[in-house]
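Notes to accompany the following structure.
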Amino acid sequence: MEAFGRLLDVLDRLRVECPWDRKQTNESLRPNTIEETFELCEALINDDNKNICKELGDVLMHVLFYSLIGQEKEAFDVADVCNKQADKLIFRHPHVYGQQKAETAEKVLENWEQIKLKEKDGNKMVLSGVPNALPSIIKAYRIQEKARNVGFDWEDRSDVWKKVREELDELQAELERGDKQRSTEEMGDFLFALINAARLYKINPDNALEKTNQKFIRRFNYVEQHSIRMGKPLTEMTLAEMDALWEEAKALENQQNDEI
């Protein structure tokens with residue numbers, strides 16, 4: 001593709017002629033890569049096509065930059081990256097490139113985990129493919145997905161609510177006892193059960209929580225902005241006054257949603 005070749009040419013030139021690009025290493029680029037990935041995630045959660053396109057370009061640039069560094073080390077180049085990924089996808093999709101049958105997305109995922117265990121350089125244990133560095137909510141979700149793909153899951157998804165209530169009761173009991181360590185453990189168990197419930201009902205808990213984060217920020221900003229206009233800092237407002245502004249923000253948001 002002409003556009004892909006153009007980007008490679010630009011990066012090659014920058015690596016030689018730009019002092020900043022010339023000095024970059026895998027280690028120095030890593031924080032920027034994390035930032036760019038989160039910016040892409042923000043654009044995706046907002047369904048912002050303009051910024052999705054922009055942030056995809058930034059992430060792609062990082063992929064190519066790491067490939068260029070690999071080429072300089074004579075370890076691999078971008079062609080190796082592409083070919084290895086193509087080989088992996090072909091191997092993991094025998095229902096497309098081979099004779100295996102998989103009529104549903106769920107069956108594809110089940111096959112996927114079994115195939116990964118058979119790969120020469122693949123994961124030897126079901127959960128070994130879950131990166132330790134993943135954020136905790138995403139990590140819990142991926143652990144549960146992988147366990148499900150080998151059959152370790154509830155037969156009836158509604159059964160998960162019994163577990164959620166059980167973990168909530170145990171958490172409340174420990175909180176009332178005042179045992180900080182046990183309370184922390186039970187909070188983790190409760191959150192893990194709740195994430196399991198989200199998964200079973202096909203809701204991504206990380207996306208759900210981020211939408212709530214953004215909703216809280218919008219409404220809290222409304223409260224703060226109106227407190228400034230009133231000449232009364234938040235620290236001097238009563239909870240009842242702040243709640244009234246919160247309800248205004250909520251009603252306005254609901255009205256705007258109804259008009260869409």
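Considering only region 127-145, I want to know if a residue exists there that is among the acidic types (Asp, Glu) and within 30 Å of Ala208 (Cα to Cα).
Taking every residue of region 127-145 in turn, at least one turns out to be among the acidic types (Asp, Glu) and within 30 Å of Ala208 (Cα to Cα).
Considering only residues of region 47-94 that are within 15 Å of Arg15 (Cβ to Cβ) and not hydrophobic (A, V, I, L, M, F, W, C), which is nearest to the chain's Cα centre (by Cα)?
His62
Return a yes/no flag: does region 5-22 have any residue that is within 18 Å of the chain's Cα centre (by Cα), assigned to a helix (DSSP H, G or I), at pLDDT 95 or above and hydrophobic (A, V, I, L, M, F, W, C).
Checked against the condition, which is being within 18 Å of the chain's Cα centre (by Cα), assigned to a helix (DSSP H, G or I), at pLDDT 95 or above and hydrophobic (A, V, I, L, M, F, W, C), region 5-22 yields no hits at all.
Which number in (1) without any contact (Cβ under 8 Å) to a residue 60 or more places away in the chain; (2) in a helix (DSSP H, G or I); (3) open to solvent by 70 Å² or more (accessible area, probe 1.4 Å) marks the one condition that Glu241 misses?
With (1) without any contact (Cβ under 8 Å) to a residue 60 or more places away in the chain; (2) in a helix (DSSP H, G or I); (3) open to solvent by 70 Å² or more (accessible area, probe 1.4 Å) applied to Glu241, the lone miss is (3).
Those residues that are among the aliphatic types (A, V, I, L, M), under 18 Å from Gln144 (Cα atoms) and part of a helix (DSSP H, G or I), I need them from region 165-208; list them, please.
Met187, Leu191, Ala193, Leu194, Ile195, Ala197, Ala198, Leu200, Ala208
Please note which helices (runs of 4 or more DSSP H) are completely contained in region 40-102 and include at least 1 residues that are among the acidic types (Asp, Glu).
49-72, 78-91
Does Gln144 satisfy being loosely packed, with under 13 Cβ neighbours inside 10 Å, part of a helix (DSSP H, G or I) and either at pLDDT below 95 or among the polar types (S, T, N, Q) (or both)?
Details: loosely packed, with under 13 Cβ neighbours inside 10 Å: no; part of a helix (DSSP H, G or I): yes; either at pLDDT below 95 or among the polar types (S, T, N, Q) (or both): yes.
No: the conditions fail for Gln144.
Across region 147-169, what is the total count of residues that are at pLDDT 90 or above, exposed (fewer than 14 other Cβ atoms within 10 Å of the Cβ) and aliphatic (A, V, I, L, M)?
So the answer is 0.
Within the set of pairs 6 or more residues apart or between chains, which connect a residue that is open to solvent by less than 90 Å² (accessible area, probe 1.4 Å) inside region 245-256 to a residue that is of a type in the set (A, V, I, L, M, F, W, C) with Cβ atoms less than 7 Å apart?
Leu245/Val223; Trp246/Val223; Ala249/Val223
Look at region 42-57 and say how many of its residues are open to solvent by 100 Å² or more (accessible area, probe 1.4 Å), modelled with pLDDT of 95 or more and charged (D, E, K, R).
So the count comes out to 2.
Does region 205-221 include one or more residues that are touching a Lys or Arg at 6+ places or on another chain (Cβ under 8 Å), touching a residue at least 40 places away in the same chain (Cβ under 8 Å) and within 20 Å of Arg157 (Cα to Cα)?
yes
Which residues, taken from region 20-41, are in contact with a Phe, Trp or Tyr (Cβ under 9 Å, 6 or more places away or on another chain) and either closer than 26 Å to Lys211 by Cβ or surrounded by 14 or more Cβ atoms within 10 Å (Cβ to Cβ) (or both)? Explain how you work it out, then say what you get.
Within region 20-41, the subset in contact with a Phe, Trp or Tyr (Cβ under 9 Å, 6 or more places away or on another chain) is 21, 24, 26, 29, 33.
Result: Asp21, Gln24, Leu29, Thr33.
The values are calculated or read from the model by the stated rules, or taken from the named source; none is laboratory data. Note that the structure is predicted; figures quoted are calculated from it, not measured. Note that each Cβ is placed from the backbone with ideal geometry, even for glycine, and that neighbours are counted across all protein chains shown. Note: areas computed on protein heavy atoms with side chains; ligands, DNA, RNA excluded. Shrake-Rupley method; radii C 1.70, N 1.55, O 1.52, S 1.80 Å.
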